[in-house]
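The values are calculated or read from the model by the stated rules, or taken from the named source; none is laboratory data. A quick note: this is a predicted structure, and the numbers were derived from the prediction, not measured. Cβ: placed from backbone, ideal geometry, glycine included. Neighbour counts: every protein chain shown.
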Amino acid sequence: MAAPAPGLISVFSSPQELGASLAQLVVQRAACCLEGARARFALGLSGGSLVTLLARELPSAVAGPAGLAHWTLGFCDERLVPFEHAESTYGLYRTHLLSRLPIPEKQVIAINPALPVEEAAEDYARKLREAFPGDAVPVFDLLILGVGPDGHTCSLFPDHPLLQEREKIVAPISDSPKPPPQRVTFTLPVLNAARTVIFVATGEGKAPVLKRILESQEENPLPAARVQPRSGRLCWLLDEAAARLLTVPVEKHSTL
């Protein structure tokens, strides 16, 4: 199997500079969408370190609350825990970002953590279909994804059967190798339908897996390597530590 095109790879001298650039990219993408005929910006967020990164930079990058009325926000995966739990992606964003970025609550699409995992996935898929009427697969304007040291993204893990899922837009997982075990996740059809996908990775611990994803030719690609938007744009934002092993061409940013 030939190695997929890696997309644009941007390397920043620090996570702080990366975060500021990411926030500007979000704002620019939103402005582009809100100038168009659709007059809506659909953003999908992942958890982990991205919560801190976006909470620190995005509120000050957004010019004002007016445009937020046209934002739709979803979450690329979620742990099946109460929103007050420290592992809840929505709960963390609600506390650290949405308290300062007042997107109307009716336009924030989240799981119902009180449901069993199968029902939670079905309920979340229903909410997404309502938010994206007419789309067989929801088409997000921008998805921001992370990548684990094992190459997982969202809650799609190496060698897991969910990598073969082609019908469901949201899938339950009860055997996540990373706790907590019960989760709800976007599937690859949703990731690959997005208009823009941005992967964000920082720290030297990510360097080996990034080299595999961006440079290796593997018969069984890692989950993050399977994200190849069909007609959209793929970008990688890395800090120098995460990019230290790469030999492919990158775009270096030493200052903002």
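Tabulated values for the structure
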{"read-out": "All positions within the range 60-96 that are part of a loop (DSSP other than H, G, I, E, B), within 21 Å of Q24 (Cα to Cα) and either without any contact (Cβ under 8 Å) to a residue 40 or more places away in the chain or more than 19 Å from the chain's Cα centre (by Cα) (or both)", "value": "V62, A63, G64, P65"}
{"read-out": "Only one of E122, E118 that is assigned to a helix (DSSP H, G or I), in contact with a Pro (Cβ under 7 Å, 6 or more places away or on another chain) and farther than 29 Å from D239 by Cβ", "value": "E118"}
{"read-out": "Members of the range 137-158 found to be in contact with a Lys or Arg (Cβ under 9 Å, 6 or more places away or on another chain) and either over 19 Å from T89 (Cα atoms) or surrounded by fewer than 17 Cβ atoms within 10 Å (Cβ to Cβ) (or both), listed by number", "value": "P138, V139, D141, P149, D150, G151"}
{"read-out": "Residue tally, condition under 20 Å from A39 (Cα atoms), modelled with pLDDT of 95 or more and exposed (fewer than 15 other Cβ atoms within 10 Å of the Cβ), over the range 77-133", "value": "1"}
{"read-out": "Condition check for A30: buried (at least 21 other Cβ atoms within 10 Å of the Cβ), more than 15 Å from the chain's Cα centre (by Cα) and at pLDDT below 95", "value": "yes"}
{"read-out": "Residues located in the range 193-209, provided they are more than 26 Å from V139 (Cα to Cα) and either under 20 Å from the mean Cα position of the chain (by Cα) or of a type in the set (A, V, I, L, M) (or both)", "value": "T202, G203, G205, K206, A207, V209"}
{"read-out": "Residue match in the range 227-239 (condition: crowded, with 17+ Cβ neighbours inside 10 Å and acidic (D, E))", "value": "yes"}
{"read-out": "Residue satisfying condition, being surrounded by 22 or more Cβ atoms within 10 Å (Cβ to Cβ), part of a strand (DSSP E or B) and at pLDDT 95 or above, within set V190, V197", "value": "V197"}
